[in-house]
Structures are given as C-alpha cells and as structure tokens.
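Visitor: Encoded as structure tokens, here's the structure I'll be asking about.
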Amino acid sequence: MDKTEDKRHFHRVLYTTEATLEGSGISMPCRVVDISLKGCLLHFDAPWSAPSEDSLFTLTLTLSDNVHIRMVLSVSHVIDREVGFKCEHIDIDSISELRRLVELNLGDSMLLERDLLALSGLDNA
C-alpha cells in the first residue's frame, strides 16, 4: 500500500456492477467502478452532462432480488464518462448492506472500523 492510499479516510472497493442513477427528472443506467462508505465512482455510456452541479441524485445498486443499496449523491468530479460522487445520505438498511459489501471485499475488519470512525467524525485523523 502506498502512502496516498494509506491517508484515505475511506477504502474504496472495486465492485463492478450495473446500477441506475436518478435525479433531475432523468434516469441513467451506469456501471459502478468502485464504492466506499462515503461515495462512488460511476461509468456512463456517454459523457456526463448533468443539468446542474448542485443536483442530488439517487443511486440504486441491486445486490440480489431482495437486497438494494440506495445512496443520495452529489457530483464530486467529472472526467468524460466517469463521475465521482459524494454520498450525501444513505438509509440504515442500505448502509448495513454497504458495510457488509465493503467488509467482504476489504477482508480486514480493522480497515472497515477505521472507515466507520472516519464516517462518524469520531476519528482524530
């Protein structure tokens, strides 16, 4: 792990899957490139052209027939067809599923605990 990776407050997990982003009256299919407790990176089929940078979007990620993760997101950065989003809100059921997903992909519960402390603002970093 390099020093840049170590300074991150949130560990991103590579989890490529199809998802749907909705907001500002539109629904866009997308592909999740990576996801963390604080946001995600999404890939779109066409270059990003959102109506407003202040807009909020809802990402729906389906893990199984009964399990969904829904996050309310704001745009963080745009590079052509890949857009980084910051999580503005996530419900308790979705964060539980996302936590499980991150924990399984990190393979280290100590890293997940560090992420949760950073998310809560209780860390001293």
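Bear in mind that the values in this text are calculations on the coordinates, not laboratory data. Model, not experiment: these values are computed from the prediction. Ideal geometry is used to build each Cβ from the backbone, glycine not excepted, and the neighbour counts take in all protein chains shown.
Visitor: What ranking do Asp93, Asp65 get, fewest neighbouring Cβ atoms within 10 angstrom at the top?
Guide: Working: Asp93 12, Asp65 6.
By the 10 Å Cβ count, ascending, the order reads Asp65, Asp93.
Visitor: Name the residues whose placed amide hydrogens come within less than 5 Å of the amide hydrogen of Leu63, ignoring near sequence neighbours (fewer than 5 apart) on the same chain.
Guide: Result for Leu63 returns His68, Ile69.
Visitor: Taking the number of other C-beta atoms within 10 Å as the exposure measure, put Cys40, Cys87 in order starting with the fewest. Can you show the working numbers first?
Guide: Values: Cys40 26, Cys87 22.
Ordered from fewest to most neighbouring Cβ atoms within 10 Å, Cys40, Cys87 come out as Cys87, Cys40.
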